[in-house]
Amino acid sequence: MTLLWQRLEKLWRYLHPVSYPWPAVDLRVNDCRIHLTGSIHMGTRDMYPLSEPLLKQLRAADALIVEADILSSPSLPPPADARPPLQERFSATLNAELEKRCAECELPVSTLDTLPAWQIALILQSRQAQRLGLRPEYGIDYQLLQAAKTLNKPVIELEGAGTQLEMLTRLPEDGIDLLTDSLQHWHTNARLLQTMISWWVEGPPRGGLTNDLLPSSFGHSLNDVLIKKRNAEWQQKLIRLPPGRYLMAVGALHLYGDDNLPAMFGR
């Protein structure tokens, strides 16, 4: 009888999908109800404070699920080994593009000279977001974590900062593909950020979540590591959750494209 009820409920949700004024989808995982939101880690002033309906979701939840608890996680340590200068590590073409974007972001190239490629990519992405008016304190997961702290809600980490750092340090060739993709898709990344901001400020497009809503800014190998593999790992963690209601906030890219998280649960 329980299995029949779950099948009927799944059919009802398919025929009558619930829409929200933010990017989200409701999942039923075993005996868990999960409100999965597509977060953006940096936001604009218009995204603060969180809407009352979203806070209502948090108040009704037994716990908040995030990629990493950035309020309690220690700051990432600097790499132990300094690298040779950029001119010795990167091609002339890559260095020229890097210098161009650094100048655009008013970032001295010399401050990046001995950093690993993946860290340079993250710094550039952060600077680009700041130039578009985004700030960490207005990020959705940051605000949800602050609200969860105020409400004394438990926080469940899918990874944690340490796991994320380990993933980055294991990227082949110091993460050169991440830097190359960041530079190659510079304008696509800007449009991606602006699109996600508009979804939180003005609401997502009608018709629900479809795979082609967001442009891809990762190559195939990077997408496998940063999106596909992590989604599969998160799926296993969600399956093992104790029964209850949860509010989950992860990067919006995990909700779209091939092997997206909702699709893994039949959504």
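Residues that are at pLDDT below 95, among the charged types (D, E, K, R) and more than 23 Å from Asp31 (Cβ to Cβ) do not occur anywhere in the range 230-252.
Of the residues that make up the range 119-129, is at least one more than 14 Å from Leu71 (Cβ to Cβ), open to solvent by less than 60 Å² (accessible area, probe 1.4 Å), outside any helix (DSSP H, G or I) and touching a Leu at 6+ places or on another chain (Cβ under 9 Å)? Within the range 119-129, none of the residues are more than 14 Å from Leu71 (Cβ to Cβ), open to solvent by less than 60 Å² (accessible area, probe 1.4 Å), outside any helix (DSSP H, G or I) and touching a Leu at 6+ places or on another chain (Cβ under 9 Å). Taking the criterion of being open to solvent by less than 50 Å² (accessible area, probe 1.4 Å), under 20 Å from Asp174 (Cα atoms) and modelled with pLDDT of 95 or more, would at least one residue in the range 103-111 satisfy it? There is at least one residue in the range 103-111 that is open to solvent by less than 50 Å² (accessible area, probe 1.4 Å), under 20 Å from Asp174 (Cα atoms) and modelled with pLDDT of 95 or more. Determine whether Trp186 is open to solvent by less than 20 Å² (accessible area, probe 1.4 Å) and under 18 Å from Leu54 (Cα atoms). No; evaluated as a whole, the condition is false for this residue.
Has the range 140-162 got at least one residue that is β-branched (Val, Ile, Thr), farther than 23 Å from Gly43 by Cβ and not in a helix (DSSP H, G or I)? For the range 140-162, residues β-branched (Val, Ile, Thr), farther than 23 Å from Gly43 by Cβ and not in a helix (DSSP H, G or I): absent. The set of residues in the range 49-72 that are open to solvent by 30 Å² or more (accessible area, probe 1.4 Å) and either modelled with pLDDT under 95 or under 18 Å from the mean Cα position of the chain (by Cα) (or both) comprises Ile70, Leu71, Ser72. If you filter the range 18-43 down to residues that are crowded, with 18+ Cβ neighbours inside 10 Å and polar (S, T, N, Q), you find that the one that is farthest from the chain's Cα centre (by Cα) is Thr37. Evaluated against (1) under 21 Å from His41 (Cα atoms); (2) out of contact with any Gly (no Cβ under 8 Å at 6 or more places or on another chain), Ala103 falls short on exactly one condition, (1). Of the listed requirements (1) surrounded by 18 or more Cβ atoms within 10 Å (Cβ to Cβ); (2) within 24 Å of Gly139 (Cβ to Cβ), Asp177 misses just one: (2). From the list Glu88, Glu137, Glu157, Glu97, the one residue that fits, being touching a residue at least 60 places away in the same chain (Cβ under 8 Å), loosely packed, with under 14 Cβ neighbours inside 10 Å and acidic (Asp, Glu), is Glu137. On the basis of being of a type in the set (Val, Ile, Thr) and under 14 Å from the mean Cα position of the chain (by Cα), does Ile176 make the cut? No, not satisfied.
Among the residues of the range 215-252, those that are farther than 18 Å from Gly160 by Cα, in contact (Cβ under 8 Å) with a residue 12 or more places away in the chain and in a helix (DSSP H, G or I) comprise Ser221, Leu222, Asn223, Ile239.
Within the range 44-58, the set of residues being in a helix (DSSP H, G or I), closer than 15 Å to Gly203 by Cα and touching a residue at least 24 places away in the same chain (Cβ under 8 Å) comprises Asp46, Met47, Pro53, Leu54.
The values are calculated or read from the model by the stated rules, or taken from the named source; none is laboratory data. All of these numbers come straight from a predicted model, not from anything done at the bench. Every residue, glycine among them, receives a Cβ derived from its backbone with ideal geometry; neighbour counts consider all protein chains shown. The protein model used for the area step is the full one, side chains on, heavy atoms only, and it has no ligands, DNA or RNA in it. Shrake-Rupley method; radii C 1.70, N 1.55, O 1.52, S 1.80 Å.
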